[in-house]
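Structure, as structure tokens:
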């Protein structure tokens, strides 16, 4: 029994059978429709006093029949054939409409979301019309033909002037589609990027607690995260709401806009700027038709790429499993995450398709390993304390320049890059500094820690507790700030918020403003006035490093005196 979709309330069994019989129709491949099929569709629509849509593939088979507008009867994205940005879906829609107007924006948007080969809109001679004696006129008054046109920036389509049914049926449909797809291919090749990189659409949702600047900074940071993870940001969409929609975060109209933009720009991944519940991901993927991930999942993916040591990989796997465990139920197609791309990498990826109990056992084993890692780091710290070697831990927002600063202070060779979370594994280096007051050479250790970020995912905080203990156990902290970043004040607040939430209160903190070579004088003066005790350096240019070394000695002395 073939399924009839859409607005079926109040239909008689005989009317449903008429609709189901449409599935048995077979149209010539080179015709968009035949006069006979169009008149039959229009007759049913007139009888129902409702619009009717028939979806037909290129073999001329009717694959979907629905009662309602193209928007109300459209094929869910996940049920559409897989096609690239250079192709159409291979499906056309012949739709009736009760008003004698060209197809509206809603119908054209539905066409674009589904990337239909064409939309033929048939207007009727009048509701309640019955066939006249000779049967010459039929039920179709006139028709409009709509199709997509290539445009990588916005949804674009063209709608014909009113056509007679015979003129519509005489159109060489296959030639029209081949010409269109050749244009899409040329446009796609001109815009094509590396095939192994995700093409990302970012979606931001602003609520009342965020002002305009904070929201823009947040979206910019998500863009940096996507870039660091290896994706390419094609476009960003925004919406303001008093609170997130419980099912889809953004409103229904915005979901349609996202789906339309995905098809228009050729995105294969949608990234939201906030955490999503499993139900929200499931609902969004069903309506949009591509993978949907949240900010935390992008961060976890970056960590999976950056972890080099066994300890780092262990902690990343634990974080991934703890994050994904409550999200296993109902993931559907999204549970198969071995295809590559953002949100799919890492040592924990294959665990997502195992039973929940097996994952829980794996988490328990990993937590035991992390406990052993904590014990090992604790013994190393005790050895340093026994030798009276003091330690300073570098903290700060990701990409503030902590690793670069450690490299120049301790002649280390830590990997650095202008990326978020460029280094993940903690690194400890010994440094010798001559005290200018006593000429004594004093030694202590510097430890580079994982970078912080606004709303650091709880799964990471828990999994990286062995690493973060380097912060709480250090004698003092060096809080490195990228003064050239537009949101440097917000980043300071984020880092201090994370430090204040730690179970053990860290030692004294020296604020160090980095990258002063890329800052104007007004910003420097403002930062110096707001934070008179801070140090100002440029790790890449070598500015202020001599003064910083002496400030480090003073910081350690202050920390040691404070603990005596």
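The values are calculated or read from the model by the stated rules, or taken from the named source; none is laboratory data. The shown structure was predicted, so the numbers you read here are calculated from the model rather than taken from an experiment. Quick reminder, even Gly has a Cβ in these numbers, built from the backbone with ideal geometry, and neighbours come from all protein chains shown.
Look through segment 424-444, keep the residues that are assigned to a loop (DSSP other than H, G, I, E, B) and surrounded by fewer than 16 Cβ atoms within 10 Å (Cβ to Cβ), and return whichever of them is nearest to the chain's Cα centre (by Cα).
435
Go over the candidates 47, 30 one by one and state the one that is more than 19 Å from residue 2 (Cα to Cα) and either at pLDDT 90 or above or touching a strand residue (DSSP E or B) at 6+ places or on another chain (Cβ under 9 Å) (or both).
Exactly one of 47, 30 is more than 19 Å from residue 2 (Cα to Cα) and either at pLDDT 90 or above or touching a strand residue (DSSP E or B) at 6+ places or on another chain (Cβ under 9 Å) (or both), namely 47.
Identify all residues within segment 1-23 that are touching a strand residue (DSSP E or B) at 6+ places or on another chain (Cβ under 8 Å) and assigned to a helix (DSSP H, G or I); write none if there are none.
Of everything in segment 1-23, those that are touching a strand residue (DSSP E or B) at 6+ places or on another chain (Cβ under 8 Å) and assigned to a helix (DSSP H, G or I) turn out to be 16, 19, 20, 22, 23.
Determine if segment 48-60 includes at least one residue that is touching a residue at least 12 places away in the same chain (Cβ under 8 Å) and part of a helix (DSSP H, G or I).
yes
In this structure, is residue 22 in the same structural domain as residue 165 (by TED's automatic domain parsing) and in contact (Cβ under 8 Å) with a residue 60 or more places away in the chain?
Spelling it out, it is not the case that residue 22 is in the same structural domain as residue 165 (by TED's automatic domain parsing) and in contact (Cβ under 8 Å) with a residue 60 or more places away in the chain.
Quick check: anything in segment 130-151 out of contact with any helix residue (DSSP H, G or I) (no Cβ under 6 Å at 6 or more places or on another chain), assigned to a helix (DSSP H, G or I), surrounded by fewer than 16 Cβ atoms within 10 Å (Cβ to Cβ) and at pLDDT below 95?
No, segment 130-151 has no match at all.
Could you count how many residues in segment 283-308 are outside the structural domain of residue 222 (by TED's automatic domain parsing) and over 15 Å from the mean Cα position of the chain (by Cα)?
So the count comes out to 6.
Does residue 45 count as in a helix (DSSP H, G or I) and without any contact (Cβ under 8 Å) to a residue 12 or more places away in the chain?
no
Could you check segment 96-114 and list, in sequence order, the residues that are assigned to a loop (DSSP other than H, G, I, E, B) and crowded, with 22+ Cβ neighbours inside 10 Å?
Hit for segment 96-114 is 103, nothing else.
Scan (1) surrounded by fewer than 18 Cβ atoms within 10 Å (Cβ to Cβ); (2) part of a strand (DSSP E or B) for the single condition residue 30 breaks and write down its number.
(2)
For segment 496-527, which positions are assigned to a loop (DSSP other than H, G, I, E, B) and farther than 18 Å from residue 399 by Cα?
Listed by number, the residues that qualify are 501, 502, 503, 504, 505, 506, 507, 508, 520.
Taking the stated definitions as given, is residue 75 crowded, with 18+ Cβ neighbours inside 10 Å and not in a loop (DSSP other than H, G, I, E, B)?
no
Identify, from the list 210, 201, 219, the residue that is modelled with pLDDT of 90 or more and outside any helix (DSSP H, G or I).
Matching residue, one of 210, 201, 219: 201.
Against the conditions (1) touching a strand residue (DSSP E or B) at 6+ places or on another chain (Cβ under 7 Å); (2) over 30 Å from residue 370 (Cβ atoms), where does residue 273 fall short? Just the number, please.
(2)
When you scan segment 452-465, do you find a residue that is at pLDDT 80 or above and outside any strand (DSSP E or B), even just one?
Yes: segment 452-465 contains one or more residues that are at pLDDT 80 or above and outside any strand (DSSP E or B).
What number goes with the only condition from (1) at pLDDT 90 or above; (2) within 18 Å of residue 402 (Cβ to Cβ) that residue 468 does not pass?
(1)
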